[in-house]
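The values are calculated or read from the model by the stated rules, or taken from the named source; none is laboratory data. As the structure is a computational prediction, the values presented were derived from the model and not from experiment. Please note: Cβ atoms are built from the backbone with ideal geometry, for glycine as well, and neighbour counts cover all protein chains shown. With ligands, DNA and RNA removed, areas are computed over all heavy atoms of the protein, side chains included. Shrake-Rupley method; radii C 1.70, N 1.55, O 1.52, S 1.80 Å.
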Amino acid sequence: MKKILLLSLLLFFKISFSQNWKSSFEEAKSQALAENKNIVLVFSGSDWCAPCIKLDKAVWQSEEFKKESESNWVIYKADFPKKKANQLSPTLTESNKLLASKYNTSGNFPLVVLLDKNGTVLGIEGYKNYSASNYIKLIHSFEK
């Protein structure tokens, strides 16, 4: 009984504190159109890119960004892991490569691209050693 309670609590906290990263870019585009929101598209190397990992911990995982993204943006992470254990499905890998060929032709990681609901680039930024609040302000500055 204790194990079931513990697992239930862990699942609850995982759901409560998880972000609403979309599982496909098509899903992100559909939601952005439906809700009239911009898309924060993040190109990341989650298991090999040190600045990507730092940005994830400092900004994307912060409560401040979670709250801000819920009300203002649709978020999608185009991940490019290198370790075999972290490989994405072939379909998702191909989709992320297509996104990179359109929005990240220079192959920079991390790269944050703010898109309007139609996919037009509003702003691009790489890694900045910013707090979550300053990175949020930076993303908002692209919307002006």
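Which residue is most open to solvent (accessible area, probe 1.4 Å), if the candidates are limited to the range 72-87 and must be closer than 13 Å to W21 by Cβ and not aromatic (F, W, Y)? Of everything passing the filter in the range 72-87, K77 is most open to solvent (accessible area, probe 1.4 Å).
The residues of the range 97-110 that are open to solvent by less than 50 Å² (accessible area, probe 1.4 Å) and in contact with a helix residue (DSSP H, G or I) (Cβ under 8 Å, 6 or more places away or on another chain), listed by number, are L99, G107, P110.
Consider D116 carefully, then state whether it is over 13 Å from F25 (Cβ atoms) and at pLDDT 95 or above.
Values: over 13 Å from F25 (Cβ atoms): yes; at pLDDT 95 or above: yes.
So D116 fits the description; yes.
For the range 29-65, the set of residues classified as in a helix (DSSP H, G or I), without any contact (Cβ under 8 Å) to a residue 60 or more places away in the chain and open to solvent by less than 50 Å² (accessible area, probe 1.4 Å) consists of Q31, D56, W60, listed by residue number.
To keep it simple, each residue is scored yes or no on (1) hydrophobic (A, V, I, L, M, F, W, C); (2) out of contact with any helix residue (DSSP H, G or I) (no Cβ under 7 Å at 6 or more places or on another chain).
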| site | (1), (2) |
| --- | --- |
| I53 | yes, yes |
| W73 | yes, yes |
| A78 | yes, no |
| K83 | no, yes |
| S89 | no, yes |
| E94 | no, yes |
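When the range 1-28 is examined, which residues are found to be surrounded by 12 or more Cβ atoms within 10 Å (Cβ to Cβ), among the hydroxyl-bearing types (S, T, Y) and at pLDDT below 95? None; the set is empty. Of the residues making up the range 46-80, just one is more than 16 Å from Y127 (Cα to Cα), within 11 Å of the chain's Cα centre (by Cα) and small (G, A, S), namely S69.
Which one is least open to solvent (accessible area, probe 1.4 Å), of the residues in the range 114-144 that are outside any helix (DSSP H, G or I) and of a type in the set (S, T, Y)? Selected residue: S131.
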